[in-house]
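Working notes for the structure below.
The values are calculated or read from the model by the stated rules, or taken from the named source; none is laboratory data. Model, not experiment: these values are computed from the prediction. With ideal geometry, Cβ positions are generated from the backbone for all residues, glycine too; neighbour counts draw on all protein chains shown.
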Amino acid sequence: MGEAVEAVEMRSALLRLRRTTGLPVAFGGLLRDDVGQVRDDVGQLRIAELNGTSTGALRELAVISGNGLGGKSIALARPCAVTDYREARHISHEYDAAVAAEGLRSVLAVPVVVRRKVRGVLYGALRSALPVGERTFDAAVAAARDVEQALLVRDEVRRLLTVTRESMPRDPAAGPGAWEEVRAAHGELRALAPKLVDAELRGELLAVCGRLAGAVGAVDAAGAVGAPSRRVPVALAPREVDVLACVASGSTNATAAELLGLRPETVKGYLRSAMRKLGTHTRLEAVVAARRAGVLP
């Protein structure tokens, strides 16, 4: 996920936060190193996204772990709030000038935590010294979870792409075990593709899936490795391919629905449609036919 896409994720989360809570101001950013790369092993955050602010005082403010409200949230990896920022005794006050310039009083900071590492912070604020209610607190946590999920999906896609490129057999005569690993990776990547906001990364993922599906030396249903079978052209919808990839990996309809974010009835519909196009009558026949057509690896 590039910086522009990360900005879209953060911007969307802040907008949802304001809409669901009525907070007048929301802002946030991700942890970055000295050259602007998003990382989870640095203790400095730059506030890059502002929503509802009336000045630029907070933009690009560098928040250090442990300093101020956001820094405290980073250090503790948990939400923190103050009813009156400038009078709060349990935070340090390195950023008072920027907060005062924007006229903020009551502030809430929620960390974006991925795999137990803080990756960013979302803030919500009022211009009056009022306590943050439970509904507002819950909405801020939910907004942070949305960003967390997007980062988690991006990280997992990157990991799978790397593993797939490194483990894909180069020899058409590779054993069945090697190709089963490729097929498993293909199914996981297809399931993650619809969850990606990053169009460039999604395109890269689907291109890799296409190469996997077109790989030679696929294992046939009996488990024997042979020459590439003759391709039978078939036009399947992307979601039909996603469902077949899950079925090929052994998923039930319920499991496929959970992986793809669909209802089980919808999965059944896609599977029936794919079977009709492939001219098959069972799940196994559909998977074999899809492999022969070069739709699945």
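Going by what's in this entry, would GLU60 be described as assigned to a loop (DSSP other than H, G, I, E, B) and at pLDDT 95 or above? No, not satisfied.
A quick yes/no check of all residues on (1) at pLDDT below 80; (2) β-branched (Val, Ile, Thr):
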residue	(1), (2)
LEU130	no, no
ALA143	no, no
VAL182	yes, yes
HIS186	yes, no
VAL216	yes, yes
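Here LEU296, LEU278, LEU259 are screened, and the one residue that is out of contact with any Phe, Trp or Tyr (no Cβ under 9 Å at 6 or more places or on another chain), under 24 Å from ALA185 (Cβ atoms), modelled with pLDDT of 90 or more and surrounded by 14 or more Cβ atoms within 10 Å (Cβ to Cβ) is LEU278. Among the residues making up segment 89-112, those that are surrounded by 19 or more Cβ atoms within 10 Å (Cβ to Cβ) and among the aliphatic types (A, V, I, L, M) are ILE91, VAL99, LEU104, VAL107, LEU108, ALA109, VAL110, VAL112.
Here ALA191 clears all of (1) hydrophobic (A, V, I, L, M, F, W, C); (2) in a helix (DSSP H, G or I); (3) modelled with pLDDT under 70 except the condition numbered (3).
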